[in-house]
1. Quick one: ranking His79, His32 by accessible area, 1.4 Å probe, largest first, what do you get?
2. Applying the Karplus parametrisation 6.51 cos²θ - 1.76 cosθ + 1.60 with θ = phi - 60° to the phi angles of segment 122-135, what ³J(HN,Hα) value in whole Hz is obtained for each residue in order, glycine and proline being reported as x?
3. Round to a whole number: what % of the accessible area of the chain belongs to carbon and sulfur, probe 1.4 Å?
4. Need one number: nm distance between label points at Lys84 and Asp37, each 7 Å from Cα along Cα→Cβ, rounded to one decimal.
5. Using helices alone, I'd like the mean residue ellipticity at 222 nm for the chain: each DSSP H run of four-plus residues gives -39500 (n - 2.57), total over residue count, nearest 500.
6. Would you mind working out the magnitude of the charge dipole of segment 36-186 relative to its Cα centre, with +1 at each Lys and Arg C-beta and -1 at each Asp and Glu C-beta, to the nearest 20 Debye?
7. Explain nothing, just compute: Karplus ³J(HN,Hα) = 6.51 cos²θ - 1.76 cosθ + 1.60, θ = phi - 60°, for every residue of segment 107-119 in order, whole Hz, x for Gly and Pro.
8. Quick one: what are the phi-derived ³J(HN,Hα) couplings along segment 142-155, Karplus 6.51/-1.76/1.60 with θ = phi - 60°, whole Hz, x for glycine and proline?
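The values are calculated or read from the model by the stated rules, or taken from the named source; none is laboratory data. Since the model is a prediction, treat every value here as computed from it, not as a measurement. Heads up, the Cβs are rebuilt from the backbone with ideal geometry, glycines too, and the neighbour counts pull from every protein chain shown. Only protein heavy atoms, including side chains, enter the accessible area calculation; ligands, DNA and RNA are left aside. Shrake-Rupley method; radii C 1.70, N 1.55, O 1.52, S 1.80 Å.
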Amino acid sequence: KQVLYMLPEIALTKQIVERLRRVFGNRIGLYHSKFTDAERVEIWKKQLSDEPYDIILGVRSSLFLPFRNLGLIVVDEEHENSYKQQDPAPRYNARNAAIVLASLFGAKTLLGTATPSIESYYNATTGKYALVSLTTRHRSVKLPQIEVVDMAEYQRRKLVTGPFSDPLVEAMGDADETAVYLGALH
């Protein structure tokens, strides 16, 4: 089956192409908006040939390439606004279009992100999507501790007078002097 691996912008393609080419070699086709019309036609024709690319790595417009046997669409950094086409028309969200395209082929869709969009997070927590959480990071880098603060409740109880909660102000005060100093420089 074929795979469409979507990235939000061209700048991210070089790094991932190198990684994927080590494993899949020339079975990968690259498609993005910086290609000339002739280069785009070449990819299009390859996809229509008897030996199409097994994997297409591309930006949002790669959704419109002809696929014959699509089995998986990966939308990397699914929350990125660059997946939303504003101008020129047609206007569309490539993440949503990828989900529809996958369903037309009976393919799977993988939405990857460390910071999911509200829609995707809601769909995952309500069971419409499956949710997989990574609990460890690359090279065992420690995950940040997250504390959710209900600012409306803090304001109602008059526990806050400015835009920041007391726990945030305290955490900033506890920050390393170097970090505070560098932050002041910017």
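1. Final ranking, largest accessible area leading: His79, His32.
2. 4, 4, 6, 7, 9, x, 5, 10, 7, 10, 10, 10, 8, 9
3. The nonpolar share, carbon plus sulfur, comes to 55 percent.
4. 3.1 nm
5. After summing the helix terms and dividing by the residues of the chain, the value is -10500 deg cm²/dmol.
6. Roughly 540 debye, rounded to the nearest 20.
7. 8, 8, 10, 10, 9, x, 5, 8, 10, x, 5, 4, 4
8. Once rounded to whole Hz, the list reads 5, 6, x, 7, 10, 10, 8, 10, 7, 5, 4, 5, 4, 5.
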